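*Asks:* One structure, as structure tokens, below. Some questions next.
The values are calculated or read from the model by the stated rules, or taken from the named source; none is laboratory data. Since this is a predicted model, take the numbers as computed values, not measurements. Counting neighbours? That spans all protein chains shown, and the Cβs are built from the backbone with ideal geometry, glycine included. What goes into the accessible areas is simple: the full protein's heavy atoms, side chains included, and nothing from ligands, DNA or RNA. Shrake-Rupley method; radii C 1.70, N 1.55, O 1.52, S 1.80 Å.
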Amino acid sequence: MTQAELKEAMKEAMRAKDSVRLSVIRGLITAAQNDAVQKGKGPDGVLDEAEMLAVITRAAKQRKDSIEQFEKGGRPELAVSEKEELAIIMSMLPAQMSREEIVAAAGAKAAELGVADKTDANKLMGALMKNLKGRADGNDVKAVVDGMFQ
């Protein structure tokens, strides 16, 4: 998703009077502008698709962390709004790989790198995350890699 597509989605959310979606999209636009300023592109700077993917992925991760903290803290009513926002953000991300696809990719990459035991697990994890960036959750990839060497 590009910044232009985000701005168009914001207009659609305004027309539909979808306040939750509008709030999420405005937050993503602000995060993208902050990222552009941080990278020296200025407030009107345009991020490429990989940079936008990183912004959206970071927002999804923040929501997941918030949900986890609210549920651990015994405040499930606060987690409800975070779950709604997470669903909206996840719809903007590319489809996530299933666990079976991650296992297959990990097996292929382990064979390619010659990783046979736990001592090279970090090398495998790094290579996998580079290849699967944006398509697989890091926690899922870590669980698969850890499971390979037990």
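*Asks:* Of the heavy-atom accessible surface of the chain (probe 1.4 angstrom), what whole percent is carbon and sulfur?
*Replies:* Its accessible area is 53 percent carbon and sulfur atoms.
*Asks:* In the range 1-132, how does Rg compare with the Kirkwood Rh, expressed as the Rg/Rh ratio over alpha carbon atoms?
*Replies:* 1.07
*Asks:* Computed FRET efficiency, Cβ-Cβ of GLN150 and ALA54, R0 25 Å: what is it to the nearest 0.05?
*Replies:* That pair, GLN150 with ALA54, gives E of 0.20.
*Asks:* Now, a different point. Please list, in order, the residues from the range 40-61 whose amide nitrogen is less than 18 Å from a point placed 7 Å along the Cα→Cβ vector of LEU93.
*Replies:* Once the point is set 7 Å along Cα→Cβ of LEU93, 49-61 turn out to lie under 18 Å by backbone N, inside the range 40-61.
*Asks:* Could you tell me which of ALA136, ALA106, ILE67 has its Cα farthest along the dipole of the range 65-150 towards the positive end, charges placed at Cβ (Lys, Arg +1; Asp, Glu -1), taken about the Cα centre?
*Replies:* It is ALA106, whose Cα lies furthest towards the positive end.
*Asks:* Would you mind working out the accessible area per residue for the chain, using a 1.4 Å probe, and quoting it in Å²?
*Replies:* 61 Å²
*Asks:* I've got another one for you. Please determine, in degrees from 0 to 90 and to the nearest 10, the orientation of helix 121-132 with respect to the longest principal axis defined by the Cα atoms of the chain, where the helix direction is its Cα long axis.
*Replies:* Taking the Cα atoms of the chain, the angle to 121-132 is about 40 degrees.
*Asks:* Also, I was wondering about something else. Got a sec? Charge dipole of the chain, +1 on Cβ for Lys and Arg, -1 for Asp and Glu; which of SER23, MET97, MET52 is way out at the positive end?
*Replies:* SER23
*Asks:* Label point 7 Å out from SER19 along Cα-to-Cβ: which residues of the range 38-82 have amide N under 15 Å?
*Replies:* Counting only backbone N, you get 81-82.
*Asks:* Compute the length gained on full extension between ALA111 and THR30: take 0.36 nm times their separation in residues and subtract their Cα-Cα distance, giving the result in nm to one decimal.
*Replies:* Full-extension gain reported as 24.9 nm.
*Asks:* Using 0.36 nm per residue, how much length does the chain from GLU84 to VAL46 gain when fully extended, once their Cα-Cα distance is taken away?
*Replies:* Extending this stretch completely gives an extra 10.9 nm.
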